[in-house]
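Notes follow the structure.
The values are calculated or read from the model by the stated rules, or taken from the named source; none is laboratory data. This one's a predicted model, so the numbers in the text were calculated from it and none came from an experiment. Reconstructed Cβ throughout: ideal geometry from the backbone, glycine too, with neighbour counts over all protein chains shown. Protein only, heavy atoms only, side chains kept; ligands, DNA and RNA dropped before computing areas. Shrake-Rupley method; radii C 1.70, N 1.55, O 1.52, S 1.80 Å.
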Amino acid sequence: MTRPAIAPELRLRLASGLRIVTLIGMVFLIVGTVVSLVQVGDLPRATVPPSELPERLLALDAPAIVSLGFLTILLAPVYGLISLAYGCLRQRDRFYAAAAGLVLTILVLSVVIALVTRGA
Amino acid sequence: MDLLTELGILLTAAGAGVLGSLVGLGGGVFVVPILSVFFGIPLKTAIAASGVSVVVNSAAGASVYLRDGMPNVRLALLMLVPTTVGSIVGGLLAVHSSPNALRIVYAVSLFGMIIVMARRGARPSPPPAEHDPLGLTASYYDRAIDGGTEVCYTPRRLGPGMSISAGAGMISGMLGIGGGAVQVPAMNAIMQVPVKAATATSTFMVGPTVVASALIYYLNDLIDPAVAIPAVLGMMLGAQSGARLARRARGVLLVRILMVILFYLATTVFLQALGINVPGAR
């Protein structure tokens with residue numbers, strides 16, 4: 001049996017999605033860097049906890065913009081997995097939709113574990 | 001940290017990106033020991049910065065490979081299950097281990113990669129299997145074979161491949177590197193996936209693998225933007241130049257030179273772990 005691993009349109013959508021999300025993250029990093037250089041003449045030395053991010057972003061805080069850049073970059077593969085899970089479901093490929101869902105669950109679990117063990 | 005040091009990190013990361021792309025290891029294996037040994041940057045900070053850079057490189061590389069239809073996405077999804085679990089364990093070990101323990105693991109892993117590089121050689125893949133219940137059979141167009149031909153294959157021995165993948169995930173999470181140095185030879189030698197498909201599948205897998213540990217680094221405040229931003233930008237620029245240079249570079253000689261560099265870095269990191277002072281190192 002020979003068949004492509006996934007539908008070509010899903011593959012192409014995934015390719016452009018990964019590129020766009022990464023580029024958006026890079027733009028945030030560059031904007032944050034410029035703002036930081038203008039405001040304090042150096043790069044930030046720490047990231048901002050996600051809970052403080054919205055408030056500090058509204059204040060155009062450079063470390064917050066940079067942190068948003070890092071988080072956006074880290075979201076690129078997550079976007080890829082969501083896109084694959086959705087695409088597989090639409091193709092009625094439940095087995096691989098479940099595999100993508102399981103990997104996403106493991107990633108969510110990594111956040112929970114990081115929050116629980118933080119500072120331990 | 002002054003702007004000159006940040007510029008130095010950018011240039012180092014660019015160099016590491018070039019070298020990593022030339023031998024298909026990714027820049028992390030070079031950038032982490034160099035930042036730690038010669039810039040005096042804490043090992044965990046260097047690992048976290050490399051981890052974020054690896055995600056950027058994986059996303060950029062995977063998008064190119066996906067357009068060409070090279071990665072076996074179904075195989076990647078199955079292998080990502082044990083790999084991401086391994087990566088979480090590795091990320092937690094990175095956060096909670098002592099720097100010297102990490103140095104020893106890093107040095108041993110680098111020595112292992114040198115052995116893999118020395119023994120590396122593409123193994124041919126058998127024809128696709130008739131029985132393929134998981135639908136893993138895939139094909140891609142290889143321009144290099146007979147002026148262009150369709151290569152069709154079926155990944156085999158999924159169990160052992162997935163077990164090794166879990167180990168690769170752990171090393172990746174612990175050391176902030178992509179893990180392709182373990183994944184690609186394992187997929188080729190054990191699962192009989194052609195090297196080009198294995199490389200593309202591994203590149204696609206690196207993103208989700210490293211994200212699991214990178215989120216742990218982020219939430220444990222290990223990402224220092226003053227190190228991570230120049231590292232990300234430098235590695236991205238370097239990886240793209242390296243990919244272009246790789247087409248013209250003389251493979252065998254280059255690999256030997258890079259093996260010597262890796263050996264030097266591995267030995268330096270190992271000696272530092274033992275508390276032995278190395279000239280030039282911080």
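For chain B, how big is Rg over Rh, using alpha carbon atoms and the Kirkwood form of Rh?
Ratio of gyration radius to Kirkwood radius for chain B: 0.97.
For the protein assembly as shown, evaluate the Debye formula with one uniform point scatterer on each Cα (no solvent term) and list log10 I(q)/I(0) at q = 0.09 Å⁻¹, rounded to two decimals.
-0.49
So how much accessible surface do A and B hide from each other in total, probe 1.4 Å, in square angstrom to the nearest 100?
Summing both chains' loss of accessible area gives about 5000 Å².
To the nearest 20 Debye, how big is the dipole of the protein assembly as shown about its Cα centre, given +1 on the beta carbon of each Lys and Arg and -1 on that of each Asp and Glu?
With Lys and Arg at +1 and Asp and Glu at -1, about 980 debye.
Hey, what's the protein assembly as shown come to in accessible area per residue, 1.4 Å probe, Å²?
That works out to 42 Å² for each residue.
Kindly identify residues of the stretch B:42-69 having a loss of at least 50 Å² in accessible area between the isolated chain and the assembly of all protein chains, probe radius 1.4 Å.
B:59, B:63, B:66, B:67
So, in nm, how far is label residue A:83 from label residue A:58 when the simple model puts each one 7 Å beyond its Cα toward the Cβ?
With each label point 7 Å from Cα toward Cβ, the separation is 3.2 nm.
When Cβ neighbours within 10 Å are restricted to other protein chains, what is their mean count per residue of peptide A:84-90?
1
Determine the share of the protein assembly as shown's accessible area contributed by carbon and sulfur atoms, expressed in whole percent, with a 1.4 angstrom probe.
With neighbouring chains kept in place, the figure for the protein assembly as shown is 67 percent.
Hydropathy first: keep DSSP H helices in chain B averaging at least 1.6 on Kyte-Doolittle, then drop any whose Cα extent along the axis falls short of 18 Å, and list what survives.
B:3-23, B:73-96, B:251-273
Quote the relative contact order of chain B in percent (integer), defining contacts as alpha-carbon pairs under 8 Å separated by 6+ residues.
The value is 39 percent.
Between B:32, B:116, B:269, find the one with the highest GNM mean-square fluctuation for chain B; connect C-alpha pairs within less than 10 Å.
Fluctuation is largest for B:116.
Can you tell me the dipole magnitude for chain B around its Cα centre, using point charges on the Cβ only (Lys, Arg +1; Asp, Glu -1), in Debye to the nearest 20?
I would put it at about 620 debye.
Once you keep just the Cα pairs under 8 angstrom separated by 6 or more residues, what percentage relative contact order results for the stretch A:39-120?
Relative contact order, the stretch A:39-120: 18 percent.
Quick one: if the Förster radius is 30 Å, what FRET efficiency do residue A:91 and residue B:156 give, using the C-beta to C-beta distance and rounding to 0.05?
Rounded to the nearest 0.05, the efficiency is 0.75.
For the stretch A:4-23, which residues drop by 40 square angstrom or more in accessible area between the chain on its own and all protein chains together (1.4 Å probe)?
Residues shielded by partner chains are A:5, A:11, A:15, A:18, A:19, A:22.
Go through the stretch A:35-56 and flag every residue whose accessible area shrinks by 50 Å² or more with all protein chains in place compared to the isolated chain (probe 1.4 Å).
The answer is A:42, A:43, A:45, A:47 - residues whose exposure falls by at least 50 Å² when every protein chain is included.
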